[in-house]
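Any read-out appearing in this document is the output of simple, stated calculations on the displayed coordinates, not a laboratory observation. Everything numeric here is computed off the predicted structure, so don't read it as measured data. All Cβ positions, glycine included, derive from the backbone under ideal geometry; neighbour counts span all protein chains shown.
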């Protein structure tokens with residue numbers, strides 16, 4: 001089995017060393033960068049399976065780096081976990097809107113962080129596995145999990161990894177109402193610590209990208225969301 005590669009973009013040398021030693025027993029290939037510029041160079045030239053990204057970086061800040069990472073073809077579907085001391089809800093929402101898959105606030109447990117990385121790698125492998133090659137279609141929306149593509153009226157849509165997982169979940173379970181906790185458990189794993197607001201932000205982003213078809217994902221007031229079947 002090919003080893004997974006993790007890119008750590010973090011300017012604090014003590015945290016870099018802590019993460020390196022904590023992850024050295026995971027049989028992963030570790031790349032380290034102290035600036036956003038250096039991290040982007042590695043992301044463009046190396047195959048990575050998960051990226052740990054700090055927000056407070058010298059030079060280009062982490063949010064700008066995240067935006068640039070998502071513009072790199074080979075990194076569009078790579079899980080990015082933000083690791084930062086900035087824990088305000090507005091910062092978390094901004095990171096999610098730019099395509100972050102996860103958000104861990106410092107100080108954090110390295111064991112928890114490693115579990116998050118494992119989960120991110122697992123979701124990526126499941127999303128690209130040919131054994132799960134299935135196509136779902138609802139009206140003019142078509143999702144191909146094997147090719148990791150989504151189209152609306154034959155026009156390709158660019159979705160972040162979490163948005164893709166959300167749409168796949170709804171398309172494969174039409175007309176079923178899911179609470180926010182059930183949605184997170186389905187796409188991230190059980191007992192995943194995120195706020196209701198974070199789920200709403202991801203749903204809003206998905207609706208925007210679906211354009212005029214966005215209302216197919218219906219808010220069920222006081223409960224959650226469902227993919228509405230045409231009457």
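Could you list, in sequence order, all residues of the range 197-224 that are assigned to a helix (DSSP H, G or I), touching a strand residue (DSSP E or B) at 6+ places or on another chain (Cβ under 8 Å) and surrounded by fewer than 16 Cβ atoms within 10 Å (Cβ to Cβ)?
211
If you take the residues in the range 81-123 that are closer than 21 Å to residue 34 by Cβ and more than 17 Å from the chain's Cα centre (by Cα), which one is surrounded by the most Cβ atoms within 10 Å (Cβ to Cβ)?
Ranking the qualifying residues of the range 81-123, first place goes to 86.
Say we look at the range 1-20 and pick out the residues that are touching a residue at least 60 places away in the same chain (Cβ under 8 Å) and closer than 21 Å to residue 161 by Cα; which of these is surrounded by the most Cβ atoms within 10 Å (Cβ to Cβ)?
Filtering the range 1-20 for residues that are touching a residue at least 60 places away in the same chain (Cβ under 8 Å) and closer than 21 Å to residue 161 by Cα, the one surrounded by the most Cβ atoms within 10 Å (Cβ to Cβ) comes out as 6.
Based on this model, can you work out whether residue 23 counts as part of a loop (DSSP other than H, G, I, E, B) and in contact (Cβ under 8 Å) with a residue 40 or more places away in the chain? Before the answer, list the steps.
Numbers: part of a loop (DSSP other than H, G, I, E, B): no; in contact (Cβ under 8 Å) with a residue 40 or more places away in the chain: yes.
Judged against the criteria, residue 23 is not a match.
Would you point out which residue out of 78, 60, 51, 42 is surrounded by 15 or more Cβ atoms within 10 Å (Cβ to Cβ) and in contact with a helix residue (DSSP H, G or I) (Cβ under 6 Å, 6 or more places away or on another chain)? Spell out how you get there, then give the answer.
On the way: 78 fails: in contact with a helix residue (DSSP H, G or I) (Cβ under 6 Å, 6 or more places away or on another chain); 51 fails: in contact with a helix residue (DSSP H, G or I) (Cβ under 6 Å, 6 or more places away or on another chain); 42 fails: in contact with a helix residue (DSSP H, G or I) (Cβ under 6 Å, 6 or more places away or on another chain).
60 is the lone residue from the list that is surrounded by 15 or more Cβ atoms within 10 Å (Cβ to Cβ) and in contact with a helix residue (DSSP H, G or I) (Cβ under 6 Å, 6 or more places away or on another chain).
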